[in-house]
Each structure stands twice: as structure tokens, then as C-alpha cells.
Amino acid sequence: MAFQLRIAEGQEAGREFTFEQHEVLIGRTSECDVVLYDPGISRKHCRFFTEKGAYFVEDMQSANGTRVNGAEVKRHELANGDEVSLGAVVFSFTAVLGNDDDELLADGAAQPALDASTRIVSSADMARPKSRNLALVPAGADATELEKIERKSTRMMKAVPTPVALADTNDIDTGAPRQALARASAPVRRVGPLSAAEKARLRRQSGEAMGKLLIFWAEASTTARALVAAGGGLFVLGALAVLVWVLSPPSAPKPPPEPTELSSTPIQESFGLGEGVTYEHEDQKTFDYAFNTPAKQAIVMVRFQSRDIGDKEVMLTVNGADIEALKADGTDQEEKQYEIKIPAQHLEKGKPNKIIFDNMKNPPGEDTWRIWNVWVEMTAIPEVPAEQLQKEATASFEKGRELFERREIGAENTYQAYRRFREAWLLLEATPDPKPELYGQARDRMREAQRELDKLCQRLLLGGRQQLALKRYVEARAAFEEVKRFFPRKDQACRGLADWELYSNDL
């Protein structure tokens, strides 16, 4: 038995794929029979298979789910013409019958069987299907009913007639004596100047200050009383607004727009899932990187820090190729610093390259992971013979060893030694295989210098935090500023940690 999948929508609409095997696995990794490189597809998204002469599709606990004819399914028997949606990709399913020569027929014409194990389908360039907005239209409503609903929703209320002013009672002819009308009406409070005796009584009963207020109110006109009442109301409302503003907790500042491009400038915001993450991504975080350099040969390193990551839980991929799985964070440190080399064959000049931190859990669930301070370091290699590269690497290595031996003398010596060892390693990285013995020595000495820098960073930060605990804020600021002498560049995380202590403690 065989079946055929045809792209129902997108730039490659009409493209067909025919399979002979009894099961086809679709997902984002190379172990799948059909690979869809698209952020909406899980690593193992779904599988098509035959069972007892019938065809089925089964969702593999994907993050975005699998839909058949618009309905999300876990396991579903398929019929000809069913549309299966995987994220932004829509396939049309058709069962294919074989003839006596075992040739597969599709649309009435014989087609050779495709090797599904080597077929890679990219959905990154496919257009997403247009939304039909069906949820906005009541089911079964025709044009007349929609017109009625529209008319009802915009129906206006009847206008309230303007009040008619009442005539003065003195102008009403009721046939009764005016004295009777006066007795029947409510008494009117007299407004006007008080007598001296009344003023003296109010001051005596209420005190001098309150008495003056009562006298003013008694003698004030109706307009003056209305203005005083309105001013008092505004004052009370203003006081309440100030009180609410003072007592309300300060709102958390909104984070900047989420970064999507990598460069030589570290991105301070964090990505992943869990406490302390600025932008949540339970499955993966994708960056664009423009690889532009006039040099014929360059070494590209992705550098970042991580925390709360289990062993091989997160994979760094470039343009769909797995580069390296992140190792578990050590128990002797709160965070881990990474630098991962990107092989040149996985990068394309002049085009946006996709660098992805991919959570390999399927589905990712609630496992926490966090990365931050992500940036790309590109080192151009001089166009000189390999012998010249080795000569320059040897000079850098010897200078680094000299600085490392004098690390207790100068503040920057340990850091400069690390830079020299790293320069020697990168120069030898560009030489053809087999690498010289100095290549491994430079890498080992670079790691040794990095360990010394980590110890130095912990000692300097501890000194500043102890001064904070003693509330010696001037000394604490001086201690954190001292970090910058030992770490003059931002390629080391310690400088960023010192800046954070200064900022968070308002130093």
C-alpha cells in the first residue's frame, strides 16, 4: 500500500510526495522521514501509517498540534482529500493504488517511488494560509440574518426631549389667594447680610475661625456657594488621586522589543522558560545573523551564558544543522559561559542565517532553561601561508605565557594572558589538519587562564557584596568599579555582573 501527500497551500502548492513504506514520520529533525524546518513544527510532530488496510495520522505530542480538516486530532483515520495541517503547512492526503508492475499511480499517471528517507521539505519559505475569520460569523447565518444582526447592533435609542422650564408661581392663575399659595409652598432660606447679633451668636457658639466660615456661607450668594462646593470637590478628588499614586506599588518597567538579530553586541535580555526569563520560549528561540566579511576565511563563535539547563537538553542549531548540545550547568557555579564555534560550511555570506537554541524535550513541558548575553564574535584570518600563521600563533602563545607568570603583578595580566592564548588558538584553528602540537597547548592554557579569571571575579564581587552588607556604600561602589580594571572588555561576564550590582543597588 502507498499514499501521497500534496502541498495544498503555499508557494509550492501542488507539489506531491509519494511514499511506499507503511509509516512516515514528519518533524523538525534529520531522523524524520520528512523534515520541515519551521519554528511551528516539533522535533517529532506526527506520523502517517497504515493499519489493517486503512490509513491513519497520529500526533506525537507536538507543541502546536495536528489538525485534520481544521479539527485537532490525536489519532485519526484518513480518507482521500483530507487536509492535514501541521503548523503553517497544509497537506492533502490521497491513497495510491499499485498496478501489476508495482508502479505507483497518482492522478492517473505512473510515478517512480521517492526515497522518503532522503527527502527534506523546508516550510520556511511557504506562505501561511490566509485566515478566513469564520469565528466572527454565527454558524448557519444567511445574508438576511446577518443584515438583521447588523441593524440591531447599531440601533439608536430614542432621544430624550428637552425639559420645559416651569413658569414662576407668581404668574400662575389658580383662582386662590396668593397668601394661600405662599403658605403651601416650601419655605425659602433667606440669603443676605446677617445682623450684628446673629454674627456675634455664630462666633460665640462655633469659635472665631469656624464662626467666620459660617457667616461667609450664610451671606454668600447661590453662585458663590456653588463655586466653593465645586472647588472643594476638586480638592478632595486631587488629594485622593495623590494618595492612590503614593500608595500604589511601582509598575514594573516594560522590557524593550524582543531582539531577533545577533551581532557583536551582547544581548542583555534572557530567553527560555522559568524564573528570571525576560522573554519566554518553551520550545526554541530563533535569531537571524548576517555573516558579512570581506575576508576569505573567518572563524565565527557564538558566545552566551546559561543557567538551569540539563545535560543535552538544549541544542544549538544553525540553518537546520545541529552544531552542539549544551552541557549541564556545573554545581560549583551559578551560571555557565559558552563559546561554540560555527563551522564555515554551515554559514552563508550575504544571507540571513538562522541560529536557534532548541529545547530537545518533546513536548518541552515545564522544564526550565535560560540563556542570556548572547553575541557573535567573528575573527578574520589573515590571508597568509600556514607557516606564517603558526609563526604568529607561537609569538602570541609565548607572550601569553609571560603575562600569565606575572599575573599577580598587574591587574590586567591574567586577562591579557587569556586573550593571547585565545589568539594563538584561533590562528591555529585556521591551519589545515593535522594541527600542530601548539594548537592543543594554546587551548589548554586558555582554559587555565579562564579558571583563574573566574576565581578572581568571585573574589572581587564577594568583596563588594560584603561592603554592601555592612552598609559601606562608598567602599562597595569602589570595589565593583575595581572589577573593570581586571576585566577591561565585555567579553568576560564578570564586568557585566559588576555593572548589575552598581545598577541594582543604586550605587
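The values are calculated or read from the model by the stated rules, or taken from the named source; none is laboratory data. Because the structure is predicted, anything quoted here is derived from the model rather than measured. In this analysis, Cβ positions are derived from the backbone assuming ideal geometry, glycine residues included, and neighbour counts consider all displayed protein chains. Note: accessible area is taken over every heavy atom of the protein model, side chains too, but ligands, DNA and RNA are not part of it. Shrake-Rupley method; radii C 1.70, N 1.55, O 1.52, S 1.80 Å.
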Select from the stretch 273-300 the residues that are at pLDDT 90 or above and open to solvent by less than 20 Å² (accessible area, probe 1.4 Å) and write down the one among them that is farthest from ASP358 (Cα to Cα).
TYR289
Just one of ALA424, ALA449, ALA417 is of a type in the set (Gly, Ala, Ser), open to solvent by less than 20 Å² (accessible area, probe 1.4 Å), more than 16 Å from PHE486 (Cα to Cα) and in a helix (DSSP H, G or I); which is it?
ALA424
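Suppose the filter is surrounded by fewer than 20 Cβ atoms within 10 Å (Cβ to Cβ) and more than 42 Å from the chain's Cα centre (by Cα); does GLN388 pass it? Walk me through how you get there before you give the answer.
On the way: surrounded by fewer than 20 Cβ atoms within 10 Å (Cβ to Cβ): yes; more than 42 Å from the chain's Cα centre (by Cα): yes.
Yes.
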LYS354: farther than 22 Å from PRO488 by Cα, at pLDDT 90 or above and open to solvent by 60 Å² or more (accessible area, probe 1.4 Å), yes or no?
yes
How many residues of the stretch 482-507 are part of a helix (DSSP H, G or I) and closer than 21 Å to ARG407 by Cβ? The answer is 10
Only one of (1) in a strand (DSSP E or B); (2) under 30 Å from PHE357 (Cα atoms); (3) in contact with a strand residue (DSSP E or B) (Cβ under 6 Å, 6 or more places away or on another chain) fails for GLU72. Which number is that?
(3)
Looking for something modelled with pLDDT under 90, over 30 Å from PRO343 (Cβ atoms) and open to solvent by 80 Å² or more (accessible area, probe 1.4 Å) - is there at least one such residue anywhere in the stretch 475-491?
yes
Of the numbered conditions (1) closer than 17 Å to VAL483 by Cα; (2) of a type outside the set (A, V, I, L, M); (3) modelled with pLDDT of 90 or more, GLY410 satisfies every one except a single condition; which is it?
(3)
Quick check on the stretch 454-474: of everything there that is under 20 Å from LYS336 (Cβ atoms) and touching a residue at least 24 places away in the same chain (Cβ under 8 Å), which residue is surrounded by the most Cβ atoms within 10 Å (Cβ to Cβ)?
LEU460
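Residues are listed down the side, and each one gets a yes or a no for (1) modelled with pLDDT of 70 or more; (2) assigned to a loop (DSSP other than H, G, I, E, B); (3) more than 30 Å from GLU280 (Cα to Cα):
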position	(1), (2), (3)
ASP173	no, yes, yes
ARG225	yes, no, yes
ALA229	yes, no, yes
GLY233	yes, no, yes
LEU237	yes, no, yes
PRO249	no, yes, no
ALA252	no, yes, no
So which residues in the stretch 65-106 are at pLDDT below 85 and open to solvent by 20 Å² or more (accessible area, probe 1.4 Å), if there are any at all?
GLY87, LEU97, GLY98, ASN99, ASP100, ASP101, ASP102, GLU103, LEU105
Within the set of pairs 6 or more residues apart or between chains, which connect a residue that is of a type in the set (Ser, Thr, Tyr) inside the stretch 81-109 to a residue that is open to solvent by 60 Å² or more (accessible area, probe 1.4 Å) and at pLDDT below 90 with Cβ atoms less than 8 Å apart?
SER92/ARG6; THR94/ARG6
